[in-house]
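Peer 1: Have a look at this one before I ask anything.
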Amino acid sequence: MTRESRWGADRMPDQDGRVCVVTGAGSGLGLATTRALARRGARVVLAVRDEEKGRRAVAQLTSEGVGGRLELRPLDLTDLASVHAFADGLTSDGVHPDVLVNNAGLMAPPRTLTAWGQEVQFAANHLGHFALTGLLLGLMADSDDPRVVTVTSANHRRARIFFDDLTGERAYAPMGYYNQSKLANALFGWELHRRLGAAGSRVRSVLAHPGYTATGLQTAAPVGRVRFVFGRLLLPLAQAPEQGALPQLYAATAPQARGGELYGPDGAGELRGAPHRVELAPRATDPAAAARLWQLSEQLTGVTFALPAVL
C-alpha cells in the first residue's frame, strides 16, 4: 500500500446490514472500533466485562448520533461460563455476526490466576477469544464476507510460548507473559486461517496490531516500572485510539484485506500511522507450535472447532 493510498476510516466501505461483535468495546481501541463501524451503518454488539463502563460508552455514542445501532452484552473472557452464555445468547436471539473483532486485552498485571486456574493474561487475551471464536463460527458461516479479526501486538515478535509453565508458577514476568499472550493471538489467527482454508470456509481470519496507542491498557493493570514506562514516560509518543484502531478496522472491512495476513501502522517501528501489511514473526507461522497451541487451547477451554488440522 503506497503512502498515496493510505487508508483511513473515511475510506471504510458501507457497513449497513452487517453485524459486528467487538470485545472490549467499552473503552480504548474497542470503543473507537465500535464508533467507526456504527458510523458506517453496522449494527455493533458491544461485548464488555464492565457493564457500567459499557453503558457509559453506549450513552456517549448515542449522544454522537450512532446509538440506534448499538447493543450491549456482558462478556468476561476470563470466565468460560460467561463466554458460553454470551454465545448462547446470540444463538437464541438469532444474531448472526458478519464480523468478530477479538480486541479485548489485559497487560502486565501481577501474577493472577482465573477461577479455572489459568494465568489471567493468557486467559483473557487468548483462551477466551479462542473459545468465543469456536462458539460463534457456526453463526457466521452463512454471512456475507464473514471475518474474524484477532488483535495481536508487535510484541509477539519478542515472545515465546511457555508451554512448560503456562501459568507462571515457576518464573512469572508480567511483560513476558503479556508477550506470550500476544504471540498466542498471532499463532491462533494464522492457524485459524489455514484451517478455514482447508475446510473451504468463506470466513477470513485476519490479524491486526495497533502500534503504540494511548488506552487504559497501559494503566489499568500494570504495576511498577511497566506502568511508569508505558503509562507515563512513553505516553507522549502514543497515538489516539481512533488512529490505533485503523488496522483492525481495515482487517474487518477493507475488501483487499487477506486472510492470514497481519496489518499494522506504516510509521517508523510500526508504532503509529496508517494501516498496511506488516510481517508476522517466524514464530507466529510455525506449524508445529500452532498445532500444539491449538490442541492445548481446545483442552483448556473444552471448545473444539469443526475444522481439519493442517500439516
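No lab work stands behind these numbers, since they all come straight from the coordinates. Being a predicted model, the structure only gives us computed values, none of them experimental. Glycine also receives a Cβ, built like all others from the backbone with ideal geometry; neighbour counts cover every protein chain displayed.
Peer 1: I want to check the label-to-label distance for Thr304 and Ala59. Put each point 7 Å from Cα in the C-beta direction and report it in nm to one decimal.
Peer 2: Result: 4.6 nm between the two label points.
Peer 1: Tell me the net charge near Ser63. Cut-off is 12 Å between Cβ atoms, Ser63 excluded, with +1 for each Lys or Arg and -1 for each Asp or Glu.
Peer 2: On the way: positive: Arg35, Arg56; negative: Glu64.
Net of charged neighbours comes to +1.
Peer 1: State the antiparallel share, in %, of DSSP beta bridges confined to region 3-301, rounding to the nearest 5.
Peer 2: Numbers: 5 of 30 bridges.
So the antiparallel bridges in region 3-301 amount to around 15 percent.
Peer 1: What spacing in nm lies between the two simple spin-label points modelled at Arg258 and Arg170, each 7 Å away from Cα in the Cβ direction?
Peer 2: Between Arg258 and Arg170, the simple spin-label model gives 4.0 nm.
Peer 1: Enumerate by residue number the GluC sites (Glu not before Pro) in region 244-297 meeting two conditions: DSSP loop (anything except H, G, I, E, B), and at most 16 other Cβ atoms within 10 Å of the site's Cβ. Show your work: numbers first, answer last.
Peer 2: Values: sites: Glu261, Glu270, Glu279; in loops: Glu261, Glu279.
For GluC sites (Glu not before Pro) across region 244-297 that sit outside H, G, I, E and B with at most 16 neighbouring Cβ atoms in 10 Å, the list reads Glu279.
Peer 1: For His84 and Asp14, compute 0.36 nm times the residue count separating them, minus their Cα-Cα distance, and round to one decimal in nm.
Peer 2: Taking 0.36 nm per residue and subtracting the Cα distance, the gain is 22.1 nm.
Peer 1: Is the shape of region 245-286 best called rounded, prolate or oblate, per the rule: a/c under 1.5 gives rounded, else a/b larger than b/c gives prolate, else oblate, with a ≥ b ≥ c the square roots of the Cα gyration tensor eigenvalues?
Peer 2: Verdict is oblate for region 245-286.
Peer 1: Round to a whole angstrom and tell me the spacing of the C-alpha centers of region 91-169 and region 20-71.
Peer 2: 19 Å
Peer 1: Let me ask something else. Loop-only trypsin sites (Lys or Arg not before Pro) in region 117-204, please: DSSP not H, G, I, E or B, and at most 16 other Cβ atoms within 10 Å.
Peer 2: Hits after loop and neighbour filter: Arg160, Arg170, Arg202.
Peer 1: Which distance in nm do the two modelled labels at Ala240 and Asp145 give, with both placed 7 Å along the Cα-to-Cβ direction?
Peer 2: Simple spin-label model gives 2.6 nm for this pair.
Peer 1: Using alpha-carbon pairs under 8 Å, 6+ residues apart, how would you state the relative contact order of the chain in percent?
Peer 2: Working: 636 pairs, mean separation 58.1, N = 311.
Answer for the chain is 19 percent.
Peer 1: OK, next. For the chain, just say rounded, prolate or oblate: build the C-alpha gyration tensor, square-root its eigenvalues into a ≥ b ≥ c, call rounded for a/c under 1.5, and beyond that prolate if a/b exceeds b/c, oblate if not.
Peer 2: Here the chain falls in the rounded category.
Peer 1: Okay, next question. Within region 100-209, list the GluC sites (Glu not before Pro) lying in a DSSP loop whose Cβ has at most 12 other Cβ atoms in a 10 Å radius.
Peer 2: Those that pass, being in a loop and sparsely packed, are Glu169.
Peer 1: Okay, next question. Nearest 500 deg cm²/dmol is fine: what mean residue ellipticity at 222 nm does the chain get from its DSSP H runs of n ≥ 4 alone, each adding -39,500 (n - 2.57), divided by its residue count?
Peer 2: Computed ellipticity for the chain at 222 nm equals -11000 deg cm²/dmol.
Peer 1: If I build a Gaussian network model for the chain, linking alpha-carbon pairs within less than 10 angstrom, which residue out of Thr133, Thr253, Thr114 has the largest mean-square fluctuation?
Peer 2: In the Gaussian network model the winner is Thr114.
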